[in-house]
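Asks: I am attaching a structure below and will ask some questions about it afterwards.
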Amino acid sequence: MKHLFARSSAILLSAVTLMTLTVSSAWAEPAAAQTPIVMTGADRRPATSLDGDWASIVDPYFAGLYSFHHEEKRDGWFLNQKAKPGDPFPIEYDYAKAPRIKVPGDWNTQRASLFFYEGPIWYERDFTYKPKEHTHIYLHVGAANYRSYFWVNGQKACEHEGGYTSFNCDVTSAIHAGENFVVAAVDNTRHEDNVPTLETDWWNYGGLTREISLIEVPQAFIDQYDLHLKRGEGSAIEGWVHVDSGQPGTTVEVEIPELAAKTSAVTGDDGRAAIALTVSGLERWSPGTPKLYKVHVRAGQDSVDELMGFRTVETHGTEILLNGKPIFLHGVSIHAEAPYRTGRAFTDKDAETLLGWAKELGCNFVRLAHYPHDETMLRAADRMGLLVWSENPVYWALQFDNPKVLAEAEQQLDEEIGTSRNHAAIILWSMANETPATEARTQFIETLASRARALDSSRLITAALLVRAEGHTKIVDDALGNALDVIGTNEYIGWYEQHPETADVTEWRIAYQKPLIMSEFGGDAKAGLHGGDNDRWTEEYQANIYRHQLGMLNRIPQLRGMSPWVLMDFRSPNRPLVGIQDEFNRKGLISDQGEKKAAFFILQKAYRENAVGKPE
Ligand code: GCB
């Protein structure tokens, strides 16, 4: 695997180099591929959508990156050549005749033959465009799992790694007025030295899984901003706006018309303008009052019209304070699995269904596991009043001693925070899930935690830790806890260990005087399968786990939240049990077809009656 990966990268490099040397004058000279940039609020900008039907070619050997038939190496499939009489070599692909694939969308659930496919697929789409003068044009990609390559009119635009974050490729020099085409190659092959690594407990959905568009911005433009309510205050909004490609001294304005508040500042040498805006009459965002304000951010010719909420979050001893007041997080974990149709979730409807179920359950909080979810989910959480735990894909046993892996995790963290820091709903950045307590791991995640703090000091840092046991005592003393504001722990009493009743005699010893969130517990149940309380896979068994867990959770004094595993059944290749799992993890409180299981109602009752924890 590793070997193949190294080979592909080398091939790509040589293909591009060779293309530079050999392309005929009919093709624009390829510029060096750009490193993609991160944008905050890209979805708030006017855009030309490239969603819809794309041509697709499945290419398991990645032959389209180069030609092994022709010395000229002129038929890389990114060139989108059309065969003409007299061609000196055959063109062996034709996007016009290739089957269509929907973007956004994973490929696995669009075509039966691609259900288990892992490898590269080529995408092509034509579009007409009329660039304005003196602008930058970015190809905005919501997410492409895992490794992706983009060309516009045969010119290399960018490469990107990481399957769950958005990025923006500068395509200014490649686009022209009139007919254009874009080619993408997306490769979801798993590699040991990626983030996540080879093993996960979710489906490795491949493709252009989120929206894709062209965004045109002035020469100097707002790429990122961070505007949040200052801790301890109800009237001071602080932060910064960054202007890309601007002169130092560029004026930036931030205005909230509904509060009749406006301020301006100038950028420094680093392109940043520090913002301080005093407001009066601000209604703070909370699950009970998810108030969003229109916020205009302007710099020179550029502007972004945001929709933002303002709230503070901090810890005090073992309390989590939202807007200065203690809060208990009644939550549930959620995968980005599409309700009813399965596949990767991406529509507003998907988000509203999933988060609507969380609301119905009585939640004020959701853990969006195990990777950053998309904008539609975060916008819906802002709107619907659900606090969010946002997580990076540092999952299980990465190569923690490999600097390349750390660099990849850092890049994904930068993209996650840079893209999503405009969402009031997000209160927690989770650095990792269930990682082995080695020194290399601790150092790796401490590095990420410091980076997250440097990027965003207004939110809390957490991670879901593994727990060790001595008899019936669960011990939380993982050294990583030192680097966290809030401790997350996962346990599966009654499913992977012992019996549901074991929870009744389990005690917890926690080495940290910090708030604790039980970030996972649960068990599998096949919706509609009934039996006794001790019959595995039945709704009764799962409900029994929940009943005993709730009793135990109430005996953990510093428990400040919970997000049981999981809201809805989700696809996982690790779950082949025929007639029960059928490639689904069945720990959902709701089936993938929307059937609520008995445990849903147990938890709903507990949440509604405040029978667990101390809610808002
Ligand atoms: C876990 C993992 C989660 C799995 C779950 C399970 O501990 O964090 O990703 O899906 O257990 O069902 O085994």
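Asks: Along the Cα→Cβ direction, 7 angstrom out, place labels at E583 and Y496. What is the inter-label distance in nm?
Replies: Result: 2.3 nm between the two label points.
Asks: Okay, next question. May I ask which residue of V182, Y149, G162 lies farthest towards the positive end of the charge dipole of the stretch 148-235, with charges of +1 (Lys, Arg) and -1 (Asp, Glu) on Cβ and the Cα centre as origin?
Replies: It is V182.
Asks: From the phi of every residue in the stretch 145-151, what ³J(HN,Hα) in whole Hz does the Karplus formula 6.51 cos²θ - 1.76 cosθ + 1.60 yield, where θ is phi - 60° and glycine or proline is x?
Replies: With coefficients 6.51, -1.76 and 1.60, one gets 9, 10, 9, 9, 9, 10, 10 Hz.
Asks: For M39, M562, M552, what's the fewest-to-most ordering of other Cβ within 10 Å of each Cβ? Write down the numbers at each step before the final one.
Replies: On the way: M39 26, M562 30, M552 22.
Taking fewest neighbouring Cβ atoms as first place, the list is M552, M39, M562.
Asks: Can I ask one more? Taking R0 as 22 Å, what FRET efficiency do you get between H316 and R468 from their Cβ-Cβ distance, rounded to the nearest 0.05? Can you show the working numbers first?
Replies: Values: r = 28 Å, r/R0 = 1.27.
That pair, H316 with R468, gives E of 0.20.
Asks: What list of ³J(HN,Hα) couplings, whole Hz, do you get for the stretch 482-489 from phi and the Karplus terms 6.51, -1.76, 1.60, once you set θ to phi - 60° and write x for glycine and proline?
Replies: 4, 8, 10, 8, 10, 8, x, 9
Asks: Quick one: what are the phi-derived ³J(HN,Hα) couplings along the stretch 114-125, Karplus 6.51/-1.76/1.60 with θ = phi - 60°, whole Hz, x for glycine and proline?
Replies: Couplings: 9, 4, 9, 5, 9, x, x, 9, 8, 10, 9, 8 Hz.
Asks: Could you work out the helix-only [θ] at 222 nm for the chain, with each DSSP H run of four or more residues adding -39,500 (n - 2.57) and the total divided by the number of residues, to the nearest 500 deg cm²/dmol? Before the final figure, lay out the partial values.
Replies: On the way: 7 runs with 106 residues, N = 616.
So the helix-based figure for the chain works out to -5500 deg cm²/dmol.
Asks: Per-residue counts of other Cβ atoms within 10 Å, averaged by peptide: what ranking do you get for 257-265, 428-436, highest first? Please list the in-between numbers first.
Replies: Numbers: 257-265: 15.1, 428-436: 24.0.
The most tightly packed comes first, giving 428-436, 257-265.
Asks: Moving to a separate point now. Ranked from highest to lowest mean number of other Cβ atoms within 10 Å per residue, what is the order of the peptides 44-51, 461-468?
Replies: Per-residue mean Cβ counts within 10 Å order the peptides as 461-468, 44-51.
Asks: Among the aspartates and glutamates, which have Cα under 20 Å from the Cα of K230 when same-chain residues fewer than 8 positions away are ignored?
Replies: Answer for K230, where 20 Å is the Cα cut-off: E238, E253, E255, E258, E283, E306, E314, E319, D382, D456, D485, listed by chain and number.
Asks: With +1 on the Cβ of every Lys and Arg and -1 on the Cβ of every Asp and Glu, and nothing else charged, how large is the dipole of the stretch 230-369 about its Cα centre, in debye rounded to the nearest 20?
Replies: 420
Asks: Still on this structure: Mind checking the dipole of the stretch 302-412: about its Cα centre, +1 per Lys or Arg Cβ, -1 per Asp or Glu Cβ, Debye to the nearest 20?
Replies: Dipole about the Cα centre, nearest 20: 400 debye.
Asks: Among H228, G281, S303, flag the residue with its Cα farthest along the positive direction of the charge dipole of the stretch 209-306, charges on Cβ as +1 for Lys/Arg and -1 for Asp/Glu.
Replies: So the residue we want is G281.
Asks: May I ask what percent, to the nearest 5, of DSSP beta bridges between residues of the chain are antiparallel? Each step should come with its number before you reach the end.
Replies: Numbers: 91 of 129 bridges.
Approximately 70 percent, going by the DSSP bridge assignments.
Asks: Starting from the Cα gyration tensor of the stretch 510-556, multiply each eigenvalue by 5, take the square root, and state the resulting semi-axes largest first in whole Å.
Replies: The answer is 28, 10, 7 Å, longest axis first.
Asks: Turning to a different aspect of this structure: Any chance you could list the semi-axes, whole Å, largest first, of the equivalent ellipsoid that the Cα gyration tensor gives for the stretch 314-608, using √(5λ)?
Replies: 27, 23, 19
Asks: Shifting gears a bit: Given R₀ = 25 Å, FRET efficiency for Q443-R231 by Cβ-Cβ distance, to 0.05?
Replies: The formula returns an efficiency of 0.30 here.
Asks: When the Cα centres of the stretch 98-135 and the stretch 368-412 are compared, how far apart do they sit, in Å?
Replies: Measuring centre to centre over Cα atoms gives 24 Å.
Asks: Would you mind computing, in nm to one decimal, how far apart the modelled labels at F601 and E199 are, each placed 7 Å from Cα along Cα→Cβ?
Replies: Label-label distance for F601 and E199, simple model: 3.8 nm.
Asks: Sticking with this one: Which ordering of S563, S235, S572 is given by a fewest-first count of other beta-carbon atoms within 10 Å? Walk me through the intermediate numbers first.
Replies: Values: S563 28, S235 14, S572 20.
Taking fewest neighbouring Cβ atoms as first place, the list is S235, S572, S563.
Asks: Hey, another quick one. Using a simple charge model, +1 on the beta-carbon of Lys and Arg, -1 on the beta-carbon of Asp and Glu, nothing else, what dipole does the chain show about its Cα centre, in debye to the nearest 20?
Replies: Computed about the Cα centre, the dipole is about 940 debye.
Asks: Give the relative contact order (percent, whole number) for the chain; include only Cα pairs under 8 Å separated by 6+ residues.
Replies: 11
Asks: Obtain the nm distance between the two label points defined at F89 and Y340 by a simple spin-label model: each point lies 7 Å from its Cα along the Cα-to-C-beta direction.
Replies: According to this spin-label approximation, the distance is 4.9 nm.
Asks: Let me ask something else about it. Taking H as built 1.01 Å from N, whose amide H comes closer than 5 Å to the amide H of D75, not counting residues under 5 places away?
Replies: Under 5 Å from the amide H of D75 lie the amide H atoms of S67, each far enough along the sequence or on another chain.
Asks: Using R₀ = 45 Å, calculate the FRET efficiency as 1/(1 + (r/R₀)^6) where r is the Cβ-Cβ separation of T289 and A96; round to 0.05.
Replies: 0.25
Asks: Given H placed on each backbone N at 1.01 Å, which residues far from L465 in sequence or on other chains put an amide H within less than 5 Å of it?
Replies: Amide H neighbours of L465, under 5 Å, 5+ apart: E434, G488, T489, N490.
Asks: Want the number for S457 to S245: 0.36 nm per residue separation, take away the alpha-carbon distance, what's left? Walk me through the numbers on the way to the answer.
Replies: Numbers: separation 212, 0.36 × 212 = 76.32 nm, distance 2.55 nm.
Difference between extended and current length: 73.8 nm.
Asks: Return, in residue-number order, each cysteine of the chain whose C-beta is not under 4.7 Å from any other cysteine's C-beta.
Replies: C363
Asks: Right, next: What fraction, in whole percent, of alpha-carbon pairs in the chain exceed 44 Å separation?
Replies: Numbers: 39833 of 189420 pairs.
It works out to 21 percent of all Cα pairs.
Asks: So, one more: By a straight-distance test (C-alpha under 18 Å), which aspartates and glutamates pair with K84 as possible cross-link partners, with residues fewer than eight away in the same chain excluded?
Replies: E72, D75, E92, D94
Asks: Go through 287-298, 192-203 and give me the packing order, highest mean Cβ count within 10 Å leading.
Replies: Values: 287-298: 17.4, 192-203: 19.0.
The densest-packed peptide leads the list: 192-203, 287-298.
Asks: To continue, here is another question. Taking a cut-off of 14 Å between Cα atoms, list the aspartates and glutamates near K587, but don't count ones fewer than 8 places away on the same chain.
Replies: Candidates past the 8-residue exclusion: D201, E337, E491, E520, D524, E539, E540, D569, E595.
FYI, it's all coordinate maths here, none of it is from the lab. The shown structure was predicted, so the numbers you read here are calculated from the model rather than taken from an experiment. Glycine gets a Cβ as well: all are built from the backbone with ideal geometry, and neighbour counts include every protein chain shown.
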